[in-house]
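S.K.: One structure is given below, represented as structure tokens, and several questions about it will come after.
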Amino acid sequence: MVTKVMFIFLFFCFGAVFAQQSIITGRVEDASSGEILIGANVVVNERSNTGGATDVNGNFKISVPVGSYSIKVSSIGYAPMVKTDVIVKSGKESFVVIKLNPTNVELNEVVVQSDYFDKSIQVNNLATVVLSSEEIRRSPGSAQDFQRILQGMAGVSFSNDQNNELLVRGGSPNENLTVYDNMELHSTNHYPNEMNSGGPINMVNVDLIENIQFSTGGFISKFGDKLSSVMSIETREGTRNSLLKGNANLSMAGAGVILEGGINSGKGSWVLSARKSYIDLIAGSFGLTAIPKYYDLQFKVGYDLSPMHHLSVSGIYGNDKILFDGEADVTREWLANGKDSVGYNRIDVKQSQIAIGTSLKSIWSKNFYSLVTVYHNNLKYYVDIDENYVQRSFDASGKSYNHQLLNTRKIVQDDHHTGILAGKSEFVWKLSNENELSFGGFLGSGDFVQNVYVFGDSVRYLTPSNTWSPTVVKPYSQMTTDIKYFDQQKYYFFVNDKIKLFDNRVMLNVGLRYDYFSYSEKGNVSPRISASYYIIPGITNFNLAYGEYYQTQSYPTYGPLYGTNKDANVNRYLKNTHARHYVAGFEHILDDGLKVTLEGYYKQYSDIPVSEQFIHFFDRMYRSNVRTNTGEQNAYGIDLMIQQKLVKDYYGTLSYSKMLSKTKDPRIGREGKEYTSDYEFPNILTLIFGKRFADLRKNLDEMPFYIKYPSMILPFSDDMEISVRYRYASGKVYTPKEWKTDEQYYEGGVRWSKGNWVENDEINSARYPDYHRLDIALNSRYNFEKWSLSVYLSIQNLYNRKNIAGYQYNSDGTRDNIYQFSLLPVAGIEVNF
């Protein structure tokens, strides 16, 4: 219904679309200090004799017709930069911040290559991509969720379509650091948990993103307490030149509004985003039974206290609810006119999270600046899982009906919240043109309050004498944890020295970091070093990196697997998990905006927590709630990425990853053996290609009527892109389960089951079928006199591939396939005013 209304609206809008003038405004800064650059040249590449220069405040303003542009910025003593994807709409200015890198290369020595890839803002020189909001918006198959785009980067894999989790170079989904406006957060997703930073959809509104930096390894000492990757999200500030501007939008993420405006005659600005899901209104159209309900808020306020001191306050909030009321309706032809009894789970999830922080950036001199941030982050989580045990009757066709509830019992109830109050600082001192020293620290205190109940269970085994063993009872677990603010602390200190040698041909990052967590009483020193050799400055470079990385455990991992309060400290003093990175890479600029990167890596994991129960795997009656730091894992591979920025009306990405990962088998009786790690995907390929079209609607209107009018079914405009994405990945590993009739559990709390699904002792010895799918997307913009309209259309899994996410093992001994997204149309609309 929403899509039909949108198409009708667009049909009547076509005749009102006409050319408009608008403006590009922006600010040019020194990438190191943030100092404004006066007199920098700004040129619009697509229009001759159109440009300007920055004023005494480092600002520029250029009038252009609405459309899509790239701008080139240059200044004496700095490497020139080209900013692509500058979208100019009617009724709203397009504001960009350009940061230039100082250079010692003389123009008469060599032609200085323009930077298309935001190298000036990259904190890490290895395995790093930078994305703008427009690149995120137009990407096919992403539903405007930036983490789903990052899943297509080299070195990154994913488990299934339902989750945007990032599995980086063999790492687990909780090994990724998220930095949001300088706040270190566990996640920015709806429906996260302590063990996974991913979720079905992101809370961050793409319209509020300034840029995203994503590094898959070898990151410098500034970042830590995570083993695999760093994702830094910088949000934009609001417009300073208008009292009020707005944006209403409707997309897969929900229906929302953005409001923004200036403060005190342009000295500051504010921006606010609010969104709410509407899937519950259309659930019947998709046959959904578990309906996600969520909303999110996001804001940022920025103010110049003086030309050298900038204060910002930003925050994000999400509220999520979902109810999985498992259905017992099935078709079992062999049970026609019969009966059976099964159990299914009813899962009720409610959670919320908030992060709010204040940052002060101070430029003390041309060579020294500081950034200080104070923030609070809190996650509240409630889940209630009940098992309903029912008797089903089947008709003559084998379809179930007349479900009779036999028993209900509580399986899990977990009510907890975790938070952190923290302050962090960073100081950057430019000792010379060849030496930049950065140092800083972090101090945080958190709380973790949890009330958890896990049901007890009973199991029995058939003995060799064909009699049942005594019942093995797994007692219920009920625990309360109450760690208050300021009871425990986490802190770190870091230092990093960026050194340029041999006329800037060599760049070194040498760093050291120390982390400490008072709860586990564990601390670690982490040395890091990376080097880049510029074979051809600005065009070709060779990179190396080595680093030690440590990660504290999540609070639930420090607790027992089960038990009571007397067992609370059984895993408290676990070591921090350790990973050692070795990275070597090659980067070459092939043409304007075209870059190829090839990297190889080797990661050594140690001190991974492993349960004693798993170590005694072959003793089926062994029970323990203890974990030990005995896990070891290796991951190694090669990542290839070719990236074309939007330069000549086309853009694209090719990424391929070859990866292997093995885990040392810790089980008694399997000493010296290995098995495939949980997140090994040997082959991953992503292809993205897009084309921008100008004056397409105008050209179609000049076609014969049998082309002109049918073309109005789709939102073709005079400023639009069409793009496609193909993804392939090796199937995810899993441990096969076997239906054993010599092992029974007390099913539904009513009677002994007919058998039990038991994991094979060959861990991760099977794979689901290989994954592949094709997505297509269309982005179209319409400009009117004082407002503009943007439309997004996408079809995910165009050829309806039946990708398997997993298997459901039923209590009657049958197994069903769980499929990922089938063919799925996604639409979005945005009105700017």
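The values are calculated or read from the model by the stated rules, or taken from the named source; none is laboratory data. Given the structure is predicted, the values throughout are model-derived calculations rather than measurements. Cβ placement follows ideal geometry from the backbone for every residue including glycine, while neighbour counts extend to all protein chains displayed. Side chains included, ligands, DNA and RNA excluded: accessible areas come from the protein's heavy atoms. Shrake-Rupley method; radii C 1.70, N 1.55, O 1.52, S 1.80 Å.
S.K.: Below 10 angstrom from the Cβ of residue 90, what's the summed charge of the other residues (Lys, Arg +1; Asp, Glu -1)?
M.R.: Numbers: positive: 89, 92, 781, 786; negative: 785.
Net local charge, residue 90 excluded: +3.
S.K.: Next up: Where the only charges are on Cβ atoms (+1 Lys, Arg; -1 Asp, Glu), what is the dipole of the chain about its Cα centre, to the nearest 20 debye? All intermediate terms of the calculation are to be shown ahead of the outcome.
M.R.: On the way: 84 positive and 89 negative charges, 81 e Å.
That gives the chain a dipole magnitude of about 380 debye.
S.K.: Show log10 I(q)/I(0) for the range 704-833 at q = 0.09, 0.17 Å⁻¹, two decimals, from a solvent-free Debye sum over equal Cα scatterers.
M.R.: After summing over all Cα pairs, the log10 values are -0.52, -0.98.
S.K.: Further question: What ³J(HN,Hα) values, in whole Hz, does the Karplus curve 6.51 cos²θ - 1.76 cosθ + 1.60 give for the range 542-557 when θ = phi - 60°, with x put for Gly and Pro?
M.R.: Using θ = phi - 60°, the values come out as 10, 10, 9, 8, 9, x, 9, 10, 10, 9, 5, 7, 6, 4, x, 5 Hz.
S.K.: If I histogram all Cα-Cα distances within the range 369-415 using bins 5 Å wide from 0, what percent of pairs lands in each bin?
M.R.: Final binned percentages: 5, 14, 12, 11, 10, 9, 7, 7, 5, 4, 4, 4, 4, 3, 1, 0.
S.K.: While we're on this one: How are the C-alpha pair distances of the range 780-833 spread across 10 Å bins, as whole percents from the shortest bin up?
M.R.: Pair shares across the bins are 20, 26, 20, 17, 11, 6, 1.
S.K.: For the range 137-296, what does the alpha-carbon gyration tensor say about shape, rounded, prolate or oblate, given a ≥ b ≥ c as the root eigenvalues, a/c under 1.5 as rounded, and a/b over b/c as prolate?
M.R.: Oblate, since a/c reaches 1.5 and b/c is not below a/b.
S.K.: Roughly speaking, to the nearest percent, how much of the chain's 1.4 Å accessible area is carbon and sulfur?
M.R.: The nonpolar share, carbon plus sulfur, comes to 57 percent.
S.K.: Express in whole angstrom the spacing between the alpha-carbon centres of the range 199-213 and the range 434-489.
M.R.: If you average the Cα positions of each part, the centres end up 31 Å apart.
S.K.: Okay, moving on. Express the Stokes-Einstein translational diffusion coefficient of the range 293-439 in µm² s⁻¹, to the nearest whole number, given a Kirkwood radius over alpha-carbon pairs, 20 °C and a viscosity of 1.002 mPa s.
M.R.: The calculation lands on 104 µm²/s.
S.K.: Any idea what the alpha-carbon Rg over 2.2 N^0.38 Å comes to for the range 462-595?
M.R.: Its radius of gyration relative to the 2.2 N^0.38 Å reference: 1.79.
S.K.: Something else now. Can you match Rg and Dmax of the Cα atoms in Å to one of these, (1) 29.2, 89; (2) 28.4, 94; (3) 30.6, 101, based on a calculation from the structure here?
M.R.: Among (1) 29.2, 89; (2) 28.4, 94; (3) 30.6, 101, the one calculated here is (2).
S.K.: For residue 804, what is the net charge nearby, where nearby means another residue's Cβ is under 14 Å from its Cβ and Lys, Arg count +1, Asp, Glu -1?
M.R.: Working: positive: 732, 767, 773, 801, 802, 815; negative: 161, 770, 816.
Counting the neighbours of residue 804, the net charge comes to +3.
S.K.: Treating only the Cβ atoms of Lys and Arg (+1) and Asp and Glu (-1) as charged, compute the dipole magnitude of the range 653-720 about its Cα centre; round to the nearest 20 debye.
M.R.: Around 300 debye, computed over the range 653-720.
S.K.: For the range 43-192, compute Rg over Rh where Rg is the Cα radius of gyration and Rh is the Kirkwood radius from the inverse mean 1/r over Cα pairs. All intermediate terms of the calculation are to be shown ahead of the outcome.
M.R.: On the way: Rg = 18.7 Å, Rh = 18.3 Å.
Rounded to two decimals, Rg over Rh is 1.02.
S.K.: Straight-line reach from residue 380: which aspartates and glutamates have a Cα under 15 Å away, not including same-chain ones fewer than 8 places off?
M.R.: Cα-Cα hits under 15 Å: 194, 296, 320, 348, 414, 415, 447, 482.
S.K.: Of the listed peptides 695-707, 237-249, 740-752, what is their order by residue-averaged count of other C-beta atoms within 10 Å, with the highest listed first?
M.R.: Per-residue mean Cβ counts within 10 Å order the peptides as 237-249, 740-752, 695-707.
S.K.: About its Cα centre, how strong a charge dipole does the range 70-225 have in debye, to the nearest 20, once Lys and Arg get +1 and Asp and Glu get -1 at the Cβ?
M.R.: Here the size comes out at about 340 debye.
S.K.: Okay, next question. Holding the Cα-Cα limit at 19 Å, pick out from 293/350; 222/490; 83/786; 226/673; 72/498 the pairs that are longer than that. Don't skip to the answer; put the middle values down first.
M.R.: Details: 293/350 10 Å; 222/490 15 Å; 83/786 26 Å; 226/673 27 Å; 72/498 27 Å.
Correct reply: 83/786; 226/673; 72/498.
S.K.: Follow-up. Skipping prolines and chain starts, which residues have an amide H placed within reach, meaning under 5 Å, of the one on residue 731, given they are 5 or more residues away or on another chain?
M.R.: Excluding prolines and chain starts, which carry no amide H, the hits are 770, 771.
S.K.: Here is a further query. Name the residue farthest towards the positive end of the dipole of the chain from the options 706, 543, 48, assuming +1 on Cβ of Lys and Arg, -1 on Cβ of Asp and Glu, about the Cα centre.
M.R.: 706
S.K.: Right, another one. Considering all projection directions equally, how large on average is the shadow of the alpha-carbon convex hull of the range 356-512, in square nanometres?
M.R.: Working: hull surface 86.4 nm².
The orientation-averaged projected area of the Cα hull of the range 356-512 comes to 21.6 nm².
S.K.: Now a separate question. Indicate the gyration tensor shape class of the range 431-535 (rounded, prolate or oblate), computed on the Cα atoms with a ≥ b ≥ c the square roots of the eigenvalues: a/c under 1.5 is rounded; otherwise a/b larger than b/c is prolate and the rest oblate.
M.R.: In terms of gyration-tensor shape, oblate.
S.K.: Sort out for me the Cα centre separation of the range 742-819 from the range 387-401, rounded to whole Å.
M.R.: Centre-to-centre distance over Cα atoms comes out at 24 Å.
S.K.: Got a sec? Charge dipole of the chain, +1 on Cβ for Lys and Arg, -1 for Asp and Glu; which of 255, 531, 615 is way out at the positive end?
M.R.: Final value for the positive-end residue is 255.
S.K.: Looking at the chain, what % of its DSSP beta bridges pair antiparallel, to the nearest 5?
M.R.: Around 95 percent antiparallel, to the nearest 5.
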